[in-house]
1. Is one or more of the residues making up segment 214-227 touching a residue at least 60 places away in the same chain (Cβ under 8 Å) and buried (at least 20 other Cβ atoms within 10 Å of the Cβ)?
2. With the checklist (1) open to solvent by 20 Å² or more (accessible area, probe 1.4 Å); (2) touching a Leu at 6+ places or on another chain (Cβ under 8 Å); (3) closer than 29 Å to residue 257 by Cβ in hand, flag the one item residue 84 doesn't pass.
3. Under 7 Å by Cβ, and 6 or more places apart or on different chains, what pairs join a residue from segment 642-655 that is closer than 15 Å to residue 714 by Cβ with one that is open to solvent by less than 10 Å² (accessible area, probe 1.4 Å) and not aromatic (Phe, Trp, Tyr)?
4. Can you tell me how many residues within segment 26-59 are surrounded by 18 or more Cβ atoms within 10 Å (Cβ to Cβ) and over 19 Å from the mean Cα position of the chain (by Cα)?
5. So, in segment 479-507, of the ones that are of a type in the set (S, T, N, Q) and in a helix (DSSP H, G or I), which residue ends up surrounded by the most Cβ atoms within 10 Å (Cβ to Cβ)?
6. Tell me whether segment 118-127 contains one or more residues that are closer than 30 Å to residue 46 by Cα, open to solvent by less than 30 Å² (accessible area, probe 1.4 Å) and not aliphatic (A, V, I, L, M).
7. (1) open to solvent by 30 Å² or more (accessible area, probe 1.4 Å); (2) under 30 Å from residue 313 (Cα atoms): which one isn't true of residue 462, the others all being true?
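The values are calculated or read from the model by the stated rules, or taken from the named source; none is laboratory data. As the structure is a prediction and not an experimental result, all values here were calculated from the model. Methodologically, a virtual Cβ is constructed for each residue, glycine included, from the backbone with ideal geometry; neighbour enumeration extends over all protein chains shown. The accessibility values were calculated without ligands, DNA or RNA, using every heavy atom of the protein model including side chains. Shrake-Rupley method; radii C 1.70, N 1.55, O 1.52, S 1.80 Å.
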Amino acid sequence: MNAPPADSLRAFWRDPVLWALVVAALAVRIAYNLALHPDWHPPISFVIDEREYFGAAHVLAEGRGFSFFDTALWVRPPLYVLFLGAIIRLWGASYIPLLVLQAAISAATLWPLGWLAYRVRGLRAARVSVLLALLYLPFTLFAGLYLSETLFLLLFALSLVCLVLAREALATGAKRIFAWPVLAGLLIGLATLTRATALGFVPLAALWLALGHRQQATTRRRVLAGAVLLLACGLVLVPWTARNYAAYGRLVAVDTTSGYNLWLGSVGVRDEERLQTDLRPLSGPVERQDFAYARAWENITTDPPGFISKGLKESLDLWRPLFSAEERQVRGYSLGRVPAWHLVSLFLFDDLLYVLILVAAVAGFALTPPHPLKWLTALWVLLWVVMSFVFFAVTRFRLPIVAALIPWAGVGILDFGFWILDLGLFRRNRNPRSKIQNPKSISLVASFVAIATILFVALPAIQLDLTWLGVERWGQQQPYRQAEALLRAGRPQEAIGQYRRANLGLADTRYGLAAALLQTGRTQDALAQLTNMVNEPPDRFEPFILRGEAARRSGDLQAARSFFNTRVVKLAGDGAQTGQQALDWAWDHLAPSPVPSIEIGGGLDIGYIRGFFSPETDDKGVTFRWSTDKAEVRGLTAAPQNVVKWSGWRPAGLPDARLALGRLGGNAAVWHVTLANDPGWATNTVPVDQAAGNAGQPGSLVIQVNPFVVGGSDQRLLGVRIASISASK
């Protein structure tokens, strides 16, 4: 493998087209995610493993190290947690810094991917590859998520560059011949500390170096280069492995997720909640890993054919597009909640572009001369196929595969055109300088079989009907979105007209219309929008909130409390996320009458509060709710001050709870208080109306507090415990 001359490499780095594409990628990643999350992606919208990464990073930012994992179900690699923890330490739980930094990382990844294509086929192939990476939508979406893939892809792409340069150094006998294997090992080590799957790539990369062509370097040099790579990678892993040994008394090289993943895969990727419930009583992450491995081995040995059948299915599923994958963020598409432009973008720039990348990569492999990067790419893809067979496949596992194939897709798109020219179809435009391989018949047959297989497996899995349904529902629900804005603005009568123009066959519309009718005093018409409770979707909390509000308006507080305290409304644990959604919906759709006091967590606080978790009870029978970092209260009788019963307890060693309080709509906090770290309850009088310049709503209170995360056993972002708030003269 001959290295391009230095002046040729300078042409790559100075190419204005590549720079324009990378800058465009940065802009697209920021703009798209902001358009998709106009609320700036608050923590309640976590998907997949976001909540866990956020919780571990917040604990780290609080100065408590990696103690989050001591009570978690498993230990995760630390590098992304460190990255996210640094952001939280500097800017708090703000979405914008994360998005900008990850968008920059994602855009920077285009450079090594383009460089690899350039090394194989030149500048035009690099441009095509970078354009593909710019347009491939999952790269954009992951830049806006609290997930490790974006950082991992950059480290992996850079490690491929270093591996290619290491082979070139061995071939040319360059000075400092082992510098590139060292750097490659360091980068693969960092990638492993981001996603542990890269650990399986370490021996493959070392073997790839050691088995290089004999004419390029002596056997001794090649083997030594592979050993140097292994050593450099090991040095990166040692500090984290030592930390785990000190914490758990067992050798944990990177993480402990493999035991659980194998157990989950051995049962056909079913009953995940039951498996986690079985793990929680165990004493620590290492014990949980041992237990999971034991259960997995029992399942595998009991039914080996079943496990093999599952593995083959998962290996096939790895390549199939999945419309409902969480990272695509299409939850609620059938209710018209997902913008049509996002659904169409997913169809064009995720599903179809993904198939194009696969087909073009096969063409790139077939039409280019032998190149060491081919074997390295094949080893990487094979690793993920084996991982999917042993464990299971989820959509985001394809991201590292697509990243490795994009350089070859750029090469394939370019060379396929030259190949057509070389067949003589357009002799006049034939490029005499094209240096593509004239594939043998067996190579052509294998390529056509591979492309046919890709089309047979991937294309039928693209669910265009669901995309169209979502687009149709988004259009139908335009009046609904207008009605929601009118209702939040306190104009229920106008909202009713807009609700009736929307799709009344959808639960969202019926519930919104019922809430507007309740606000105008038409209780029976409101309840008529609700079907028999048996026929309502079992996971929808809105019917219970609406019936509770109807009972409260009629004066039947006992019935109201019963509806508001229904399990689906006050889900705990992971359901605390749903609990916040219920409070947010009630805040936007109810207009309860002013009251002199609010018992937080008693049930009748529904509609008066948001920014709280589900109700709990302490060991003395006091009912309360944990606030988030920002909680809001409204509907208190107007008074010059409020009396708040609360507790500042938090884990030992954390700073005391520092609170800033003001009015809804006020310009700034008007009162500050510090609560001692004490499990007991304190009562404070808040003279919020005595502050100068307080232009907020009377009878309201905004509570902001420095938050914390307990640990892996409780991953919520908590503020303070509040039991009651009362108006006081």
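1. No; the residues of segment 214-227 include none that is touching a residue at least 60 places away in the same chain (Cβ under 8 Å) and buried (at least 20 other Cβ atoms within 10 Å of the Cβ).
2. All conditions pass for residue 84, except number (1).
3. Taking only residues 6 or more apart or on different chains, the pairs are 650/657.
4. Qualifying residue count, segment 26-59: 0.
5. My answer is 498.
6. Restricting attention to segment 118-127, the residues satisfying the condition of being closer than 30 Å to residue 46 by Cα are none.
Taking every residue of segment 118-127 in turn, none turns out to be closer than 30 Å to residue 46 by Cα, open to solvent by less than 30 Å² (accessible area, probe 1.4 Å) and not aliphatic (A, V, I, L, M).
7. (1)
To keep it simple, each residue is scored yes or no on (1) more than 30 Å from residue 167 (Cα to Cα); (2) of a type in the set (D, E, K, R); (3) assigned to a helix (DSSP H, G or I).
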{"residue": "231", "(1), (2), (3)": "no, no, yes"}
{"residue": "243", "(1), (2), (3)": "yes, yes, yes"}
{"residue": "255", "(1), (2), (3)": "yes, yes, no"}
{"residue": "263", "(1), (2), (3)": "yes, no, yes"}
{"residue": "293", "(1), (2), (3)": "yes, no, yes"}
{"residue": "299", "(1), (2), (3)": "yes, no, yes"}
{"residue": "312", "(1), (2), (3)": "yes, no, yes"}
